[in-house]
Amino acid sequence: MKIALTAALALAIITPAAAQTGSASWYALDGNMTASGERMNSSRMTAAHRKLPFGTKIKVTNLHNNRSVIVRVNDRGPFAKGRILDVSKGAARKLGFIGRGHAKVRIQRVSRNTAVGVQPQWPQLKKLARIALPTKRPATMVASPDEIVVALAGS
């Protein structure tokens, strides 16, 4: 039962519903670090979602005016109750809701984070690896969570 429940939860996270409708807002914290480890640039087409993997591209449609944009998930959020997505200021401008601050939207996954060159950053794990894991090479060379898993497994 426990294995079936775990598999069902994993499947729900990996394959969310085809479309999700709810309220979205925008934010612009230029220069601040996003949860993915990249710096926020409010003119780029990016978004914050609670569960979708970093690098996932989603189509966001403003249900009030039918404008759509494709954004890439690079942050976590939103943290306001009732919101399903935070988009960058640039995306909000194209969607037409800068002045209002929020809009009812539909989001649909366009692609997973499998595009060439999309490599989610894990700054917290890298920091932990530098402190806690012995390696044969300098700690600054530990580059990915996969290496951390291998180091922990003793391989």
Count - residues of the range 78-93 that are in contact with a strand residue (DSSP E or B) (Cβ under 8 Å, 6 or more places away or on another chain) and without any contact (Cβ under 8 Å) to a residue 40 or more places away in the chain: 0
Some residue of the range 63-82 being modelled with pLDDT of 50 or more, aliphatic (A, V, I, L, M) and touching a Pro at 6+ places or on another chain (Cβ under 9 Å): yes
The range 77-104, subset in a strand (DSSP E or B) and farther than 15 Å from Lys59 by Cα, residue farthest from the chain's Cα centre (by Cα): His102
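The values are calculated or read from the model by the stated rules, or taken from the named source; none is laboratory data. All values reported here derive from a predicted model rather than from experimental measurement. For neighbour counting, all protein chains shown are included, and Cβ atoms are generated from backbone atoms with ideal geometry for every residue, glycine included.
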